[in-house]
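The values are calculated or read from the model by the stated rules, or taken from the named source; none is laboratory data. What you are looking at is a predicted structure, and each value in this text was computed from that prediction instead of being measured. Quick reminder, even Gly has a Cβ in these numbers, built from the backbone with ideal geometry, and neighbours come from all protein chains shown. To get the accessible areas, we keep the full protein, side chains included, count just its heavy atoms, and leave off ligands, DNA and RNA. Shrake-Rupley method; radii C 1.70, N 1.55, O 1.52, S 1.80 Å.
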Amino acid sequence: MLKTNLTDTQNTLEHTAQMLKAMSHPERLAILLELSRNEASLQELSQYTGLSPTQLSAHLTKMRQLGMVDYTRFMRIVQYRITSDIVRSVLKTLPQYPIERK
């Protein structure tokens, strides 16, 4: 029983470390900060971050694989949102920087 708990703890720590590493990337952090304010489409995220849709898709795919974000599809519009409580908690601890739209 103790070995199972240790393995579960190790897996949880590894997953959390991967999420924190993903959040440490400036472009991903900008995406997450925008999503912490409200859900956003790829086009809205592109306007906010200045990243191309291709770059955004790569970042969002990585964050989806880690369970940090997910999306909802409305017809042809895809709205992204934060799904991880860990991510929300970390973002709340960050200083609130003025948002400069690109």
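Results, tabulated for the structure shown:
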read-out	value
Unmet requirement for residue 7, which otherwise passes all of (1) over 19 Å from residue 83 (Cβ atoms); (2) at pLDDT 95 or above	(2)
Every residue from segment 52-77 that is touching a residue at least 24 places away in the same chain (Cβ under 8 Å) and more than 15 Å from the chain's Cα centre (by Cα)	77
Search result, residues across segment 48-81 that are in a helix (DSSP H, G or I) and open to solvent by 30 Å² or more (accessible area, probe 1.4 Å)	53, 54, 55, 57, 58, 61, 62, 64, 65
Candidate set: segment 22-47, residues that are among the hydroxyl-bearing types (Ser, Thr, Tyr) and either under 15 Å from residue 87 (Cβ atoms) or assigned to a loop (DSSP other than H, G, I, E, B) (or both); chosen: the one nearest to the chain's Cα centre (by Cα)	36
Restricting segment 89-102 to residues that are modelled with pLDDT of 80 or more and open to solvent by 90 Å² or more (accessible area, probe 1.4 Å), the residue that is nearest to residue 44 (Cα to Cα)	92
Every residue from segment 82-100 that is within 9 Å of the chain's Cα centre (by Cα) and in a loop (DSSP other than H, G, I, E, B)	83, 84
Verdict on residue 19 being in contact with a Leu (Cβ under 7 Å, 6 or more places away or on another chain) and on the phi < 0 side of the Ramachandran plot	yes
